[in-house]
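Okay, so here's the structure we're looking at.
The values are calculated or read from the model by the stated rules, or taken from the named source; none is laboratory data. For clarity, every value in this text was computed on a predicted model and none was experimentally measured. Every residue, glycine as well, gets a Cβ built from its backbone with ideal geometry; the counts of neighbours run over all protein chains shown. Note: accessible area is taken over every heavy atom of the protein model, side chains too, but ligands, DNA and RNA are not part of it. Shrake-Rupley method; radii C 1.70, N 1.55, O 1.52, S 1.80 Å.
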Amino acid sequence: MLLENNPYPQDVRVRHEARSLIAAGYRVTVVCPRGGGQARRETVDGVEVRRFRLREAGGGIAAFMVEFFVASLVLQLAALRALARGAAIVHLHNPPDTLFAAGWAARLLRRRVVFDHHDLAPELVAVHAGPRAAIALARWCERRTYRVASLVVATNDSVAENALARGSKARQEVVVVRNGPPAASLSAGAAIRTGPLSDPRLVYVGALAPQDDARDLATVVAALRDRHGIPFPRLTVVGDGPAAADLIADAERLGVADLIEITGWVAAERVPEILRTADICIDPARPTPLNDSSTMIKIAEYLAAGRPVVAHELTETKRTAAEAACLVPGADPAELAARVAELAADEQLRAEMAARARRRAPELVWEVAERQLLRAYEALCA
């Protein structure tokens, strides 16, 4: 498995897939960047992990492309070494879509190639204000990666539809394996606090990158205090990323820095525990071509914790949550704040949304998606 944009085991999707394949009898090696304090090589839950140093892009499309180029070179050399040692399958995780050369090497050796399509890379380049030439290059790389893939593993229906349309893949070459929390994280039903809340506890879990619109969280907290008369809204942000500094700066500018706590990344086991302390969970990602086609794993995690959820009305968020979330049309963070204020004022509405979350969550757990992954791998090996 080749992974560029996250360390392991921090990447939830890759961790779930690798563990599931190990449990099914496969031998799995993950090659990925090193996080702080991580060893170059170690075995994690039976998964062999090989890590390399990668300096994170400081900002701007040039730094973004340099990061991808360096990571791609290191990963493709690692793939060649693995193929020389007999690896039967090369599993490419995107972004970026620049690993197709390793895929072609695998195909020349009559091995199999899996393209695990997390995000639409051309749309991601556009988010980073890439010029038209960079977006065109990203589309070219996407087509090359689709072409070399024996199997496309898509995170959701939107990405699968992209594989059929832009990738010209046959339906039998595409499988949807959705992101989801493990069944063990399902909440038996943490109690809903009673009455109107003057101090609603909000939680956001996830990356703090430009496409996540996390800096809007400061606007939401300020609007709750200043427009909706809620004196002590509290927000816990579980995660980190290049947009963390913008969120902190906005919070200070709006005078709400004392109401926001950023924990950074925490151990995966702690996330359900933190979520159960929330009154309301929130996702500020605005409607964009990238976000609209992305499955936000945080939504499934919020529902698994049995918490009311407020988010913008994104296509894949709507497919994930169904009727179990309060979805706000448009891209205005003030509308998110208004929906949060409504939930904070109405105990009965909070209880109803929490009950809907608990009913929906069992359909979204990883164990359901795992069956799709293992069936696809069995067919690939056959």
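Numerical summary
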| read-out | value |
| --- | --- |
| Matching residues, segment 350-378, being touching a helix residue (DSSP H, G or I) at 6+ places or on another chain (Cβ under 9 Å) and either free of Cβ contacts under 8 Å to residues at least 12 places away in the same chain or open to solvent by less than 20 Å² (accessible area, probe 1.4 Å) (or both) | 350, 353, 357, 361, 364, 365, 366, 369, 373, 377 |
| Any hit, segment 206-228, residues being in contact with a Ser or Thr (Cβ under 6 Å, 6 or more places away or on another chain) and not aliphatic (A, V, I, L, M) | no |
| Some residue of segment 114-133 being of a type in the set (Lys, Arg), surrounded by fewer than 17 Cβ atoms within 10 Å (Cβ to Cβ) and modelled with pLDDT under 95 | yes |
| Residue in segment 246-273 that is farthest from residue 200 (Cα to Cα), counting only those that are aliphatic (A, V, I, L, M), modelled with pLDDT of 95 or more and not in a loop (DSSP other than H, G, I, E, B) | 249 |
| Members of segment 13-38 that are touching a residue at least 60 places away in the same chain (Cβ under 8 Å), of a type outside the set (Lys, Arg) and closer than 21 Å to residue 99 by Cα | 14, 17 |
| Any chance residue 217 is assigned to a helix (DSSP H, G or I) and modelled with pLDDT of 95 or more | yes |
| Residue in segment 171-180 that is modelled with pLDDT of 95 or more, among the β-branched types (Val, Ile, Thr), open to solvent by less than 20 Å² (accessible area, probe 1.4 Å) and assigned to a helix (DSSP H, G or I) present | no |
| Any hit, segment 181-197, residues being in contact with a Phe, Trp or Tyr (Cβ under 8 Å, 6 or more places away or on another chain), outside any helix (DSSP H, G or I) and either under 19 Å from residue 333 (Cα atoms) or not polar (S, T, N, Q) (or both) | yes |
| Identity of the residue in segment 95-113, crowded, with 24+ Cβ neighbours inside 10 Å and not hydrophobic (A, V, I, L, M, F, W, C), that ends up farthest from the chain's Cα centre (by Cα) | 103 |
| Which listed residue is under 18 Å from the mean Cα position of the chain (by Cα), open to solvent by less than 50 Å² (accessible area, probe 1.4 Å) and of a type in the set (Gly, Ala, Ser), from 158, 150 | 158 |
| Test for residue 145: is it polar (S, T, N, Q) and at pLDDT 95 or above | yes |
| First in segment 104-130 and within 15 Å of residue 68 (Cβ to Cβ), second anywhere and assigned to a strand (DSSP E or B), Cβ under 7 Å, 6 or more apart | 118/93 |
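Condition check ((1) within 18 Å of residue 335 (Cα to Cα); (2) open to solvent by less than 10 Å² (accessible area, probe 1.4 Å); (3) more than 16 Å from the chain's Cα centre (by Cα)) across all residues:
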site: 269; (1), (2), (3): no, no, yes
site: 274; (1), (2), (3): no, no, yes
site: 285; (1), (2), (3): yes, yes, no
site: 289; (1), (2), (3): no, no, no
site: 296; (1), (2), (3): no, no, no
site: 299; (1), (2), (3): no, yes, no
site: 306; (1), (2), (3): no, yes, yes
